[in-house]
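Please treat every number below as a calculation from the coordinates, not as lab data. Model, not experiment: these values are computed from the prediction. Please note: Cβ atoms are built from the backbone with ideal geometry, for glycine as well, and neighbour counts cover all protein chains shown.
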């Protein structure tokens, strides 16, 4: 039966049950709270930065038929970014919207999705040279769009669910012109960056029935992510007071990184599921981590 299918151990708490339940099957509503932290090495003209993040996501998905499942998600996050020893920091409010679609035929699964994020950014920096000191501020908007796809194959290894997977994602980030206020050193800046990522890895999970009848499911994954093309984001800059424009490189994207996840889910009653998870993207020049607490409910 579907409830005994070991591939269900691979289903994240938030969405995408691994098997269909027929046309008109149960939908799943979910909510996820997230907290994250990371540090990124700058190099070249970019400073090392720290980032803290908090927010939430909500969503709903449902079977379209025996093989197709679709969902939608939305959320809000706030990020605090600090450039170490440079007197620069920023606060970013981000509003997320995404849709996703999955197809399953026997052990083979295909997953597709697209997302769009609106960013409201407030930044400030301090400029000091001898007796010259300025505090410069700017407020501007930016947008991030992405599309992604994945193929996976489920394997039952004596009740342990294994799922090798390979995915590809394209991400575009662009900003409006940010015009600083506060002094003669004011800059006008804008960015537009494209990036493509591939990820290959393995998921594993196993469900256990507790004495009280609840189901406990430890799960995890490990993978390798590769970034194609130019990994250094460039900003087009110009002094507002006048002068020729110039460009400056920001904190680079990790060319290669390990991506890891670990978590545990616990069934709550007949329809609910509570989850706790960790995810990380770890490279020699950057370390990005997140912890999530989630709850889902079947309808």
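Miscellaneous remarks
- For the stretch 85-233, the square roots a ≥ b ≥ c of the C-alpha gyration tensor eigenvalues yield an a/c of 1.5 or more together with a/b exceeding b/c, which makes the shape prolate.
- In terms of surrounding Cβ atoms within a 10 Å radius of their Cβ, 274, 108 rank from fewest to most as 108, 274.
- Normalising the average separation of contacting C-alpha pairs (under 8 angstrom, six or more residues apart) by the number of residues puts the relative contact order of the stretch 2-298 at 17 percent.
- Principal axes of the stretch 226-299: Cα extent on each, largest first, Å: 67, 29, 17
- Cα convex hull volume per residue for the stretch 181-257 (Å³): 152 Å³
- Overall dimensions of the stretch 2-298 as given by Cα atoms, namely Rg and Dmax in Å: 22.0, 74
- One chain, two ends: residue 274 and residue 76. Fully extended at 0.36 nm per residue, the span grows by 69.2 nm beyond their Cα-Cα distance.
- In terms of packing, defined here as the mean over residues of other Cβ atoms within 10 angstrom, the peptides 238-247, 288-297 line up highest first as 288-297, 238-247.
- By the beta-carbon count within 10 Å of each Cβ, the least crowded to most crowded order of 77, 99, fewest first, is 99, 77.
- The stretch 82-168 - convex hull of alpha carbons, volume per residue in Å³: 144 Å³
- With contacts taken as Cα pairs under 8 Å at a separation of at least 6 residues, the stretch 170-210 carries a relative contact order of 40 percent.
- Chain lengthening between residue 297 and residue 54 when straightened (0.36 nm per residue, less Cα-Cα): 85.2 nm
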